[in-house]
Amino acid sequence: MKRTSVKSKERLGVLLSIIEETLSGLRIIKAFNAEKPVQNKFETLNDKYTVTMNRMYRKTDFASPLSEFLGACVLVVVMYFGGQLVLGADESLSAAMFITYIAIFSQMIPPQKHLRMHFIIFRKELLLPTGSIKFWMLPTILRISPVLSLQQVLAIRFRMKM
C-alpha cells in the first residue's frame, strides 16, 4: 500500500507540474497550435493517476475486512489448540483458565489495531517524508535564527588527537 501511495503522489506531482506549465505557457501553446498534444498528454497522465488512486482506494477499503478476518482466524486457531489442551488426555489446562485466556486475548485485539492505526496516522501527519517540508512548518523554519554567528564558527579550532 505504501508503494501505491508513493506512486500516486509522484503522479499527482507530475500532473500538477503539467497544469502549471500549461497555464504559464498558454500563449506559446496557442501560438504553435499545440493545444491537442498538450490535452492528450494531460488526459493520459490523468487516466494513469485515476487508475493508481483507484488501486490505492481498493487496497485501503480491503484492509479493514481482511484485518477482521485474520483476527477471527487467529482466535479460531487459539481456541482449537486451547481446546486440545483442555479436552486432551493430559488436561494440562483447566477450562476456567482457558476461558479467561480467551477473554483476555479477544479484548487485546482491538487496542492493538487502534494502536497500529494511530501509529500510521502519526507517521503520516507529523513525520516528514524524505526530501519535503510540510507547509505549516515553513514559517517556523524561516524564523529560526542561527545558534552561532559567522565569527563564532570561524573562531572554532579543531584539535586532532592521535
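Cut-off 16 Å, label point 7 angstrom out along Cα-to-Cβ of Val51: give me the residues of segment 5-30 whose amide nitrogen falls inside. Within reach of a label on Val51: 5, 7-12, 15. In this simple spin-label model, placing a label point 7 Å from the Cα along the Cα-to-Cβ direction at both Ser94 and Gln39 gives a separation of 8.0 nm.
Using the count of nearby Cβ atoms within 10 Å as a rough guide to exposure, how do Tyr49, Tyr80 rank from fewest to most? Walk me through the numbers on the way to the answer.
On the way: Tyr49 18, Tyr80 9.
Ordered from fewest to most neighbouring Cβ atoms within 10 Å, Tyr49, Tyr80 come out as Tyr80, Tyr49.
A full extension of the chain between Leu87 and Lys7 corresponds to an added length of 23.6 nm, given 0.36 nm per residue minus the alpha carbon distance. Using a cut-off of 27 Å between Cα atoms, the listed pairs Lys7/Lys41; Lys2/Lys113; Lys48/Lys113 include Lys48/Lys113 as exceeding that distance.
Got a sec? How would Met56, Met108, Met97 order by Cβ neighbour count within 10 Å, fewest to most?
Values: Met56 18, Met108 9, Met97 12.
Placing the least packed residue first, the sequence is Met108, Met97, Met56.
Among the GluC sites (Glu not before Pro) in segment 1-107, those located in a DSSP loop and surrounded by at most 12 other Cβ atoms within 10 Å of their own Cβ are Glu91.
No value in this document is a laboratory result; all are computed from the given coordinates. The model shown is predicted, which means the values in this text are computed figures rather than measured ones. When we count neighbours, we look across all protein chains shown, and the Cβ atoms used for this are built from the backbone with ideal geometry, even at glycine.
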